[in-house]
1. What share of Cα pairs, in percent, lie more than 21 angstrom apart in segment 43-126?
2. Please order I111, I52 by the number of other Cβ within 10 Å, starting at the fewest.
3. Only loop residues by DSSP count here, and only those with at most 11 other Cβ atoms within 10 Å; note down the trypsin sites (Lys or Arg not before Pro) in segment 33-102 that meet that.
Amino acid sequence: MNKFKKRVKEKKERKRSAFSKNLVNVLNGTFLGKDNMIAQLPFIFFLVTISIGYVSYGYYAEKTVKQLSVLEAEVKDLKSQNLSLQSKLELKKQQSSVAVSIASLELTESIVPPFKVVGNEKIMTD
């Protein structure tokens, strides 16, 4: 067999063995006891804190968007209610509607136009 092919196979086996050794170290937890890992702990804690903040902000943003959509639907409903109530009020304020509604009270519209009442100032001051 070719020597070059043997070297390539040996390198692949070494890479696999190095990968498997590192995987075993991670799974066992022995990599945490090494000095270079202990020196990096503050940075790792910083990364963990940042990632927790990022996830919590995502939940907060999602909750805020849901509340916003609920409030937008409520505002839309209230606007439609306001519009319908205003139209009903305009109908009730019309002169013909007022005349019909006061007919049950046996009141009628005045035929005589309004006039200004002028009083005597002497009587008014007493």
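1. Values: 2478 of 3486 pairs.
The proportion of pairs with Cα distances above 21 Å equals 71 percent.
2. Working: I111 5, I52 10.
Taking fewest neighbouring Cβ atoms as first place, the list is I111, I52.
3. Numbers: sites: K34, K63, K66, K76, K79, K88, K92, K93; in loops: K34.
In loop regions of segment 33-102 (DSSP not H, G, I, E or B), the sparsely surrounded trypsin sites (Lys or Arg not before Pro) are K34.
Computed from the coordinates by the stated procedures, all read-outs in this text should not be read as laboratory data. Everything quoted here is computed from the prediction, not taken from an experiment. Cβ atoms come from the backbone with ideal geometry, glycine included; neighbour counts cover every protein chain shown.
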